[in-house]
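K.L.:
Have a look at this one.
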Amino acid sequence: MLVVQVQVRVKPECVAAFQAATRENARASLCEPGVARFEVLQQADDPTRFVLVEAYRTADAPAAHKETRHYQTWRDAVAAMMAEPRTSVKFANVFPDDADW
């Protein structure tokens with residue numbers, strides 16, 4: 001299991017549009033066989049900051065995700081909404097382990 005946390009800061013005037021585009025991407029992502037979880041979190045004290053938590057079943061699944069039409073549509077739609085480039089950190093899942101997903 002590979003978990004990726006993507007940190008995003010959007011322009012204040014783009015928060016609602018970013019939420020809508022990201023929800024659509026997240027819903028479609030959950031239909032991918034390699035995606036175990038896809039969460040969208042918004043920071044409570046700064047609504048311009050988001051964290052996407054993506055849990056992949058295999059090491060190859062993130063690359064497959066980036067080849068999907070819905071990801072590419074999301075990427076292109078939100079590019080101009082970003083206040084700064086998004087960043088990501090990859091994690092290995094410790095608990096629950098793969099058998100529990």
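K.L.:
Would you be able to tell me the number of residues in the range 29-38 that are in a strand (DSSP E or B), out of contact with any Lys or Arg (no Cβ under 8 Å at 6 or more places or on another chain) and of a type in the set (A, V, I, L, M, F, W, C)?
P.N.:
1
K.L.:
Do we have any residue at all in the range 64-78 that's surrounded by 14 or more Cβ atoms within 10 Å (Cβ to Cβ), in contact (Cβ under 8 Å) with a residue 40 or more places away in the chain and under 11 Å from the mean Cα position of the chain (by Cα)?
P.N.:
Yes, the range 64-78 contains at least one residue that is surrounded by 14 or more Cβ atoms within 10 Å (Cβ to Cβ), in contact (Cβ under 8 Å) with a residue 40 or more places away in the chain and under 11 Å from the mean Cα position of the chain (by Cα).
K.L.:
Here's something else I'd like to know. In the set A26, A20, which member is over 12 Å from the mean Cα position of the chain (by Cα) and either assigned to a helix (DSSP H, G or I) or more than 27 Å from V94 (Cβ to Cβ) (or both)?
P.N.:
Answer to the selection: A20.
K.L.:
So which residues in the range 44-66 are among the hydrophobic types (A, V, I, L, M, F, W, C), within 24 Å of V94 (Cβ to Cβ) and either assigned to a loop (DSSP other than H, G, I, E, B) or touching a strand residue (DSSP E or B) at 6+ places or on another chain (Cβ under 8 Å) (or both), if there are any at all?
P.N.:
V51, L52, V53, A55, A59, A61
K.L.:
Restricting attention to the range 29-48, which residues are within 18 Å of V15 (Cα to Cα) and more than 13 Å from the chain's Cα centre (by Cα)?
P.N.:
Q43, A44, D45, D46, P47, T48
K.L.:
What is the number of the single condition among (1) surrounded by 15 or more Cβ atoms within 10 Å (Cβ to Cβ); (2) outside any helix (DSSP H, G or I) that L41 does not meet?
P.N.:
So L41 meets the others, but not (1).
K.L.:
In addition: Is at least one residue of the range 87-100 touching a helix residue (DSSP H, G or I) at 6+ places or on another chain (Cβ under 8 Å) and surrounded by fewer than 16 Cβ atoms within 10 Å (Cβ to Cβ)?
P.N.:
No.
Bear in mind that the values in this text are calculations on the coordinates, not laboratory data. The model shown is predicted, which means the values in this text are computed figures rather than measured ones. Neighbour counts run over all protein chains shown; Cβ positions are idealised from the backbone, glycine included.
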